[in-house]
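Let me begin by presenting the structure, written as structure tokens, before commenting on it.
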Amino acid sequence: MRYRTIGDGRTSFDVSTLCLGTMWMGTRTDEATSFAILDRFVEAGGTFLDTANNYNAWGLGHGHDSEDVIGRWLASRSIRDRVRIATKLGAAKKDPALPLSTSEPTNYQGLAADIIARESRESLRHLGVDHLDVLYGHVDDRDTPLAETVGAFGELQDAGLVGITGISNVAVWRVVEAREEAIRQGIAPYGLVQQQYSFIHPAPKPGRMNFVTPELLDYAAASGVDGRPPLAVTAYSPLHQGSLARPDKPLWGGVDHPTTHARIRLLHEVARDVGATPNQVALAWLLGGEVPVIPVVGASSVAQLDEILGAAELDLDASVRERLDAEPMERLAAA
Ligand SMILES: NC(=O)c1ccc[n+]([C@@H]2O[C@H](COP(=O)([O-])OP(=O)(O)OC[C@H]3O[C@@H](n4cnc5c(N)ncnc54)[C@H](OP(=O)(O)O)[C@@H]3O)[C@@H](O)[C@H]2O)c1
């Protein structure tokens, strides 16, 4: 396993470069399997865990299921100090009687100060911990003034309840404004942005703000120097939920277009040539990019995790990266 430092200019700590996503733990993935996956991750040197206060309230659970599993696992293993826990708030159900949806109307709680104060403490309680290493806003909230959201995160940091803050599913300009607002208020700015990202890309669509863009990577690359506080990018669904390697998995989320099919073929060719699996190459591509990204990757079995762990130290040499990054339209034309 490899490690990198994340921070916000005031607080910093090391995390494993692979972050384990726990979204299905306690619902689709039963507790015994979840514990086995968590044990294996830590045994392999993994230290970074990702959860949220709404996993998974859109179908099978009440919302805190994954936090509860992690809480029981931490208590039974007594290893709180060996892991860094990131959770998220703002996208749990505002009205518990209504369904949660990712499209309008979403029924999200949002990022008002009272929600942040209350829900962060709820996450502490469910996880059974006295501080959250990372707390993200799960979705942007344009109806609440940024000054209020940022101020509420700052209060949690002042109280020692939260280390680094971050934001997810957000436009780049909103990240910039929030970080500038934090600095104006004398608060540590967001140090992490979590967006969807994998080796395949969705077709552009107005309003699609939840994907890692070249602009976000450029902004992250320019952070941490010249007085700009650091900013790291974490990528959710880095295996596109299995569809990079498995024909049984749908190409959801606007990615089912010819470029994607060409890139998936290329991924498989490269994997054969380097003696790795397509999933491993896809993760190594994220980890070793010009702007390294932390994959937040899920596994529903220890066997899946073992394959994922094989990516942690897989280095793609420059010629392989060049091949992977070749203009997909040129490849399509040549096919
Ligand atoms: N910020 C956000 O809004 C947001 C949104 C979504 C997710 N997340 C975070 O990101 C994490 C990962 O996201 P994700 O689960 O959507 O995507 P993912 O990591 O791309 O996909 C995980 C799924 O891929 C399949 N898989 C994993 N390893 C495999 C292997 N070795 N061989 C074959 N299939 C394999 C499994 O599907 P099966 O279980 O079907 O076998 C697994 O559940 C979540 O746990 C969560 O922490 C954040």
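The values are calculated or read from the model by the stated rules, or taken from the named source; none is laboratory data. Note that the coordinates shown come from a computational prediction; the quantities given were computed from them, not determined experimentally. No Cβ is skipped: glycine too gets one built from the backbone with ideal geometry, and neighbour counts run over all protein chains shown.
The residue that is nearest to V129 (Cα to Cα), among those in segment 49-63 that are of a type in the set (S, T, N, Q) and within 11 Å of the ligand (Cβ to nearest atom), is T51. In the set (1) over 18 Å from the mean Cα position of the chain (by Cα); (2) hydrophobic (A, V, I, L, M, F, W, C); (3) within 16 Å of the ligand (Cβ to nearest atom); (4) assigned to a helix (DSSP H, G or I), L100 fails one condition alone, (4).
Within segment 189-216, being closer than 24 Å to L111 by Cβ, under 20 Å from the mean Cα position of the chain (by Cα) and more than 16 Å from the ligand (Cβ to nearest atom) holds for P189, E215. Taking the criterion of being of a type in the set (G, A, S), within 16 Å of the ligand (Cβ to nearest atom), surrounded by fewer than 20 Cβ atoms within 10 Å (Cβ to Cβ) and at pLDDT below 95, would at least one residue in segment 219-233 satisfy it? The answer is no, given that none of the residues of segment 219-233 is of a type in the set (G, A, S), within 16 Å of the ligand (Cβ to nearest atom), surrounded by fewer than 20 Cβ atoms within 10 Å (Cβ to Cβ) and at pLDDT below 95. Within segment 132-172, the residues that satisfy the criterion of being more than 16 Å from the ligand (Cβ to nearest atom) and under 19 Å from the mean Cα position of the chain (by Cα) are F153, V162, G163. Can you find a residue in segment 26-47 that is within 8 Å of the ligand (Cβ to nearest atom), surrounded by 24 or more Cβ atoms within 10 Å (Cβ to Cβ) and assigned to a strand (DSSP E or B)? Checked segment 26-47: no residue is within 8 Å of the ligand (Cβ to nearest atom), surrounded by 24 or more Cβ atoms within 10 Å (Cβ to Cβ) and assigned to a strand (DSSP E or B).
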